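See below for the structure under consideration.
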Amino acid sequence: MRRIAFWSPKGGVGKTTLALNFAASAYYAGHKVIVCDLDPQQSAVDIFNENQLPFSVVPNMPQVMPNVDFLICDYAPSMDLLPTEETIILPMRASILDLKSVGRITRLLRNKRIIKCVNGIDTRRQDERMIGMQLYSEGAQLIKDRSIYVSSMGKGQTVFQQKSYGSKDAQGEINRLLHRVLNPKA
Ligand SMILES: Nc1ncnc2c1ncn2[C@@H]1O[C@H](COP(=O)(O)OP(=O)(O)OP(=O)(O)O)[C@@H](O)[C@H]1O
Ligand SMILES: [Mg+2]
């Protein structure tokens, strides 16, 4: 079983959105998945309760480990609870402040595999494109700013359950994140 954390001490960077879409990517690729919502806000559980997701979201870490391929943990935005999972997806924004803080943040997580994920990039903005490209050259994954991420969550679903404009591109970028997790040298 692979244990994946979506963690960042920063709020609103896309932990929950990416955790649920990553889970859907893995599910539709044929893996058994479960999402653990470790955030007291319980946003992922709220989405799950709309009964549109094809996998389960549980409100805590299960006492007995389930028989799944992926245990995906959606963390609260906090420094107090550092992730224990072996792979950490670290969502961040394409901002100069995030760029400055990311080194300090990753030093907290020694001996972990960290995949930086620059999320919500507005490609019309040169500053965001440049920060995105810099981090990409250093091995980060890029996820664009797309309304399909917002509208699908509004329906209690993921981009993998959508057919409207932008859904295929969004699925592609989340699938690339899954590929990266499955292939450490990719
Ligand atoms: N790639 C994206 N494109 C457009 N909107 C996005 C994208 N990723 C996330 N969002 C939006 O950004 C907002 C914050 O996302 P989300 O709740 O997933 O962040 P979070 O890190 O889990 O927040 P918190 O720290 O409060 O738990 C939401 O409104 C979500 O729909
Ligand atoms: Mg969240």
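Taking Ser151 as meeting all but one of (1) closer than 15 Å to Ile47 by Cβ; (2) in contact (Cβ under 8 Å) with a residue 60 or more places away in the chain; (3) of a type outside the set (Val, Ile, Thr), write down the number of the exception. All conditions pass for Ser151, except number (2).
Among residues of the range 132-147 being out of contact with any Leu (no Cβ under 6 Å at 6 or more places or on another chain) and not in a loop (DSSP other than H, G, I, E, B), the one that is farthest from Val13 (Cα to Cα) is Ser137. Does the range 148-161 hold any residues that are assigned to a helix (DSSP H, G or I) and within 16 Å of the chain's Cα centre (by Cα), and which are they? Result: Ile148, Tyr149, Val150, Ser152, Met153, Val159, Phe160. Taken over the range 115-132, residues that are away from ligand 1 (no atom under 14 Å from the Cβ), more than 20 Å from Ile88 (Cβ to Cβ) and either within 12 Å of the chain's Cα centre (by Cα) or of a type in the set (Asp, Glu) (or both) amount to 1.
Does at least one position in the range 70-83 carry a residue that is of a type in the set (S, T, N, Q) and either in contact with a Pro (Cβ under 8 Å, 6 or more places away or on another chain) or loosely packed, with under 15 Cβ neighbours inside 10 Å (or both)? Yes, there is a match, as at least one residue in the range 70-83 is of a type in the set (S, T, N, Q) and either in contact with a Pro (Cβ under 8 Å, 6 or more places away or on another chain) or loosely packed, with under 15 Cβ neighbours inside 10 Å (or both).
Has the range 26-37 got at least one residue that is more than 14 Å from the chain's Cα centre (by Cα) and among the hydroxyl-bearing types (Ser, Thr, Tyr)? Scanning the range 26-37 turns up at least one residue that is more than 14 Å from the chain's Cα centre (by Cα) and among the hydroxyl-bearing types (Ser, Thr, Tyr). Close Cβ contacts (under 9 Å, 6 or more residues apart or on different chains) running from residues in the range 7-35 that are within 13 Å of Ile174 (Cβ to Cβ) to residues that are among the charged types (D, E, K, R) and crowded, with 24+ Cβ neighbours inside 10 Å comprise Leu18/Asp74; Ala19/Asp37; Ala19/Asp74; Leu20/Asp74.
We did not get these values from a lab; they are worked out from the coordinates using the rules stated. All values derive from a computational prediction rather than experimental measurement. Every residue, glycine among them, receives a Cβ derived from its backbone with ideal geometry; neighbour counts consider all protein chains shown.
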